[in-house]
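Notes follow the structure.
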Amino acid sequence: MRSISFALFFGFIFLVGSRDPAFAQTPPASDREELARLRSDLEALRGEYAERIAALEQRLSALQAAAPTAPPSPAPSAPAAPEVQVPAGAAGAGGPTGTLPVYGGVTAASKVFNPDIAVIGDFLGAAGDGAGSTQPSLQLHEAEASFQAVVDPYARADFFLTFGPDEVGVEEAYVTFPTVPGGLLTKIGKMRTAFGKVDGMHNHTLPWTDRPLVTDNLVGGEEGLADSGISIARLIPNPWFFLEATAQVYAGDSAVFQSPERSDLAYLGHLRGYQDLSDSTNLDLGGSIAYGHNDSGPDFTTRLLGVDATFRYRPLRRAIYRQLLARTELVWSRREQPGGTQNAFGTYFELDYKFARRWFAGARFDYSERAEDASIKDKGGSLLLTWWPSEFSQIRAQYRHTRYGEGGTANELLFQFLFSIGAHGAHPF
């Protein structure tokens, strides 16, 4: 039986093989070569992709090994910014009517109601023959503390306190209303006046260590005409140049004016014109008049008339290296007093030239008669050199020659160190 079964199996195989040509015949040589080539290409592709897959598996293993085992904890969220309520009706001044976010979080919120604060030190020194001058050889002439901030959408406040060797005082303290109907800029408080140029300048903004003789003799010196009062200024529209008119009323209690009665006020007017001559030059002209009672008696008054002119040159591309400022003021004083009226005149002329990025050179000529005795005439001249290490400090040297009307002659070397900290606002241009 087993031999029969094997015989039947081999017979079936023979019959199937004889019917299938592929089985029964050997492939030709060309087909074998094609088959071998395909197998070779397949093996090459398998090897290439196997290398790439192995490289990717190695990179994945390295990243998994470097990853932290525990997920990182989420960063703490910043506290929500506080909000400040804006007074109702703020939209009338162009402001929003809702709430304003205070950016900076808790730190900014702690300062939102604080004013900008700055302190400026003015250290002076003097050497040489002062011809009887009482200025000490070394002194902290003045320390000025300023507090400035916006009160609300309608007003801004400025306070300037001075600390000197012998006294502490208020140099200026006023509130400004820029949106008064009629286009009026209104200031109320104690302030320096708009008479000329020098009288309105703080000590640290002067281009010299001192003030001109005409300021000392006719306009009240360092204190000047500063007083408590009201100032109103308005731009006068015209197609030719910038024009501004200022009217001021003061209590009449200054270094020049003294009011014997409450109703004896001091009055001041100033007209300023400004025009750009080119992209690099401009001209500033002004006229001032002031009137008030003086300390000679209840019926005696003083009138001041002033004219000022300022020329500036600042090339657009070289402004940090080259600048030139030329300025002059002329002042006439008519003072009534027992024994007759005194008509005095005084002037100064200055040049201030920036010849390097931080260096200034200057010169000034002074001439002035005395307000109480116009026959006494003082003359002087100064040469200056100033170095600005930065916008927060200045070092200045000034040689000053003065011939006083009484006959004395002074030759002095003055030097000044100015230094400031904090945010100090810009002064009028």
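Summary of computed values
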{"quantity": "Cut-off 13 Å between beta-carbons: net charge of the residues surrounding Arg46, Lys and Arg +1, Asp and Glu -1", "calculated": "-2"}
{"quantity": "The stretch 182-417 - Rg over Rh from alpha carbon coordinates, Kirkwood radius", "calculated": "0.99"}
{"quantity": "Prolate/oblate/rounded label for the stretch 212-253 (Cα gyration tensor, a/c 1.5)", "calculated": "oblate"}
{"quantity": "Prolate/oblate/rounded call for the stretch 270-397, Cα gyration tensor, a/c under 1.5 rounded", "calculated": "prolate"}
{"quantity": "Packing-based exposure ordering (other Cβ within 10 Å, fewest first) of Leu60, Leu304", "calculated": "Leu60, Leu304"}
{"quantity": "Highest to lowest packing among 381-390, 412-421, 178-187, scored as the average C-beta count within 10 Å", "calculated": "412-421, 381-390, 178-187"}
{"quantity": "Loop trypsin sites (Lys or Arg not before Pro), the stretch 240-339 (other Cβ atoms within 10 Å of the site Cβ: 16 or fewer; DSSP)", "calculated": "Arg262, Arg317, Arg318, Arg322"}
{"quantity": "Fewest-first ranking of Asp152, Asp264, using other Cβ atoms within 10 Å as the exposure measure", "calculated": "Asp152, Asp264"}
{"quantity": "³J(HN,Hα), Karplus 6.51/-1.76/1.60, whole Hz, each residue of the stretch 300-313, x for Gly, Pro", "calculated": "10, 10, 10, 10, 10, 10, x, 10, 9, 9, 9, 10, 10, 10"}
{"quantity": "Residue order, fewest to most surrounding Cβ atoms within 10 angstrom, among Ser296, Ser333", "calculated": "Ser296, Ser333"}
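Bear in mind that the values in this text are calculations on the coordinates, not laboratory data. Everything numeric in this text was worked out from a predicted model, so none of it was measured. Here the Cβ is made from the backbone with ideal geometry for all residues, glycine too, and neighbour counts use every protein chain on show.
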